[in-house]
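These notes concern the structure reproduced below.
The values are calculated or read from the model by the stated rules, or taken from the named source; none is laboratory data. Here the structure is a predicted model, which means the values were calculated and not measured. Methodologically, a virtual Cβ is constructed for each residue, glycine included, from the backbone with ideal geometry; neighbour enumeration extends over all protein chains shown.
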């Protein structure tokens, strides 16, 4: 899709150098926006930024661990200077991060990693962009929950479920706090999108568990990556200008909340 939907907008994407984040960044640039990439992989950042610039886009990136609040603020302030402000944050960094699913295999370090990246990382990034959005008299923040934080998923473990449920509370409370400044905050809750990391976890499941997952999806199939990217961009864009404090479920009908 090539539009001017994000013309004049600077978009920060965490976890933005690979998989879903890179797909989001590519779509933002194709639709007229400027992107700032935060990731832990310098090689991937450099490659993506070079590719986006070669396509005529405006892009910059910083290596940062979102668990480090001070480093997050420094990186986002630098990107705001480089990109001419910040209008949108897409906080995609996180996941189960390669940690085990079952409680008897989960270490204290596994628990800390998942909670710190998913919850603290999202908080630190939101905290860093809000002052820039206040200067613009508005903005949009998209956080990442999950079907695993909305229901008892057989795929991921308790730390992941707890952290993704926490994102919903973070999203609602933040939306309440910053709404008066014209800043909207919404969450997306994807189902199982088989990025490289989740594909390995899905393949390692028993045949019965895999069948349970697929049988529980009314649309009867796994999604394309684009089917997560497009809802994220909708929440980020002015097309959702009167939507805040909500969660958008993107799971093929596997979860149908009241």
Test: residue in segment 248-255 that is modelled with pLDDT under 95 and loosely packed, with under 15 Cβ neighbours inside 10 Å: yes
Subset of segment 43-81 (residues that are more than 19 Å from residue 26 (Cβ to Cβ) and either out of contact with any helix residue (DSSP H, G or I) (no Cβ under 7 Å at 6 or more places or on another chain) or touching a residue at least 60 places away in the same chain (Cβ under 8 Å) (or both)): 68, 70, 71, 74, 75, 76, 77, 78, 80, 81
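A quick yes/no check of all residues on (1) surrounded by 13 or more Cβ atoms within 10 Å (Cβ to Cβ); (2) over 26 Å from residue 124 (Cβ atoms); (3) at pLDDT 85 or above:
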residue: 157; (1), (2), (3): yes, no, yes
residue: 163; (1), (2), (3): yes, no, yes
residue: 181; (1), (2), (3): yes, no, yes
residue: 187; (1), (2), (3): yes, no, yes
residue: 212; (1), (2), (3): yes, yes, no
residue: 219; (1), (2), (3): no, yes, yes
residue: 236; (1), (2), (3): yes, no, yes
